[in-house]
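To start, the structure itself, in structure tokens.
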Amino acid sequence: MSEHPSTMSKDFETALNVGRPPVIRQLFPNSKALIVSGKYIDRAMLAKGKAISMAANGRNIFVIRGALRAAQRANSVIIIEIARSEGTYCAVNFWNIARQVDALCNEMGITAPVAIHADHYGIKSPEDIAPAMVDIPTIFEAGITSIAIDASHMPDIQNLQANIALNPYIPKWAGLETEVGEIKGKTGLSTVEEAMFLIQGLNAHDIFPDWIALNNGTTHGIEASDQGIQVGLTQSIHEALTPYKISGAQHGTSGNNSDRLREIARLTRTTKANVATALQMISWGLEVNDYGNAILDADGNFIKVPGEGVTEEMWQSMVDYANSKGLKKGDYKKLNLPFEARLLGQPKPVRDRMVQRVEDFVYHMLTKVFNAGDTAPLAVEAILAAGSCDPGAKVSRMEDPSAWTPDKIAARGLMVAADKGAKGNFDD
């Protein structure tokens, strides 16, 4: 690790004083962790150009620790995130992730700017909106600095309406992601028309998301092949949205090879890429390919690397438990919560090697795939230039609000051609 932030430069100290959102200063008044709005992560990637920040899903503390160490080593910004659904099968959730990140940053002397993202805040029906109005402020009170409102499960009209209804409950300084099209592979692919409808409608209501997530052919979890992301589709949607200066958020990277991820960085406006399943598997010590997709043996079983990750005895216990519960390979994520205490109770050398494996993988992705190395100073520069925790929106209102009233949204939405694909539960 590099030297502790208390000995760092005047610029860092200034960024620490002005760049942390009010809630972070209140929660952690004596902290030296540079926890910032997701907006600054996006701005750092745009400043470097053709660069993507990893959004590491911190399903366990080994992943969070390893990802933070990798960011420091790469001199890169990073996003640590957890999805709403992940909080049901992991000990990490929206309300405790910020405290873990802050504690680890201070313990390890992490000076890299970090955003804490609430991923996939799912709205699956209009009835979910009223409870969300109560719920969303509480996660920001707990230290979240960025959020993804995912109402893509609903028709386009309701997706837009949900985003508009919930926006007043999101701090203006916070990073904001919106989504069009559920992330479920080759069915229900997003279209230019759908994306324009959502972003133009939001723009008319003075809502300017930092990122848009698409269904561009990939899926969450384990992929049987690496044919996921459709780069051309992504490129065409991003190009159409260019006037609105919105960046792309790429979901489901675990099933896509490194060359395709480099292509996404080079050819699209993507500045955020979620990595979840890969980091979980790597921390456990499973054999993965170069982009983190778990490799199965001839019998369709995961391959445990001897001496890596958890102990062989622990892994066997995890497999036995999964078998007893009838868990499919894609549901091994549900082992996180029941095994949390047992994993934390392993000897320190075992815990250390779990973290090291994550660190090495994330460092490789940041520096060799996502082109995110040396973006930490760019975020600090943006904070100093703004003199605030909020750099502001990248664009102003261009759409006429009178053309996007509730009645006109409903009429416009009926004209949007969309194939939503198969029905199902496609939460992360």
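Values as computed for the structure displayed
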{"read-out": "Net charge dipole size for the range 255-320 [Lys, Arg +1 and Asp, Glu -1 on Cβ; Debye, nearest 20]", "value": "700"}
{"read-out": "Zero-based 5 Å bins, Cα pair distances in the range 85-217, whole percents", "value": "2, 10, 19, 21, 19, 14, 8, 5, 2, 0"}
{"read-out": "Mean Cα-pair separation over length for the chain, i.e. relative contact order, pairs under 8 Å, 6 or more apart, %", "value": "24"}
{"read-out": "Exceeding the 23 Å Cα-Cα cut-off - candidates Lys48/Lys272; Lys304/Lys368; Lys32/Lys272", "value": "Lys304/Lys368; Lys32/Lys272"}
{"read-out": "Over the range 16-104: Rg over Rh, Cα atoms, Kirkwood Rh", "value": "0.96"}
{"read-out": "Relative pair counts by distance (%), Cα atoms of the range 296-428, 5 Å bins", "value": "2, 7, 9, 10, 10, 10, 10, 10, 11, 9, 7, 4, 1"}
{"read-out": "The chain - mean residue ellipticity at 222 nm from DSSP helices (-39,500 (n - 2.57) per run, n ≥ 4, rounded to 500)", "value": "-12500 deg cm²/dmol"}
{"read-out": "Charge dipole (the range 18-58, unit charges on Cβ, about Cα centre) - positive-most of Met54, Leu34, Val18", "value": "Val18"}
{"read-out": "The chain: equivalent-ellipsoid semi-axes (sqrt of 5 x gyration tensor eigenvalues, Cα, Å)", "value": "32, 27, 19"}
{"read-out": "By average C-beta atoms within 10 angstrom, highest first, the peptides 294-307, 46-59", "value": "46-59, 294-307"}
{"read-out": "Residue among Met196, Met398, Met108 with the largest mean-square fluctuation in a Gaussian network model of the chain, springs linking Cα atoms under 10 Å", "value": "Met398"}
{"read-out": "Extension reserve of the Ala130-Leu327 stretch, reckoned as 0.36 nm per residue once the Cα distance is removed", "value": "67.6 nm"}
{"read-out": "Set of lysines with alpha-carbon distance to Lys124 below 23 Å, sequence-local pairs under 8 removed", "value": "Lys184, Lys186, Lys333, Lys334, Lys408, Lys420, Lys423"}
{"read-out": "Peptides ranked, highest mean first, by Cβ atoms within 10 Å: ranges 72-78, 200-206", "value": "72-78, 200-206"}
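Only the coordinates and a few stated rules stand behind these numbers; no lab work does. Everything numeric in this text was worked out from a predicted model, so none of it was measured. When we count neighbours, we look across all protein chains shown, and the Cβ atoms used for this are built from the backbone with ideal geometry, even at glycine.
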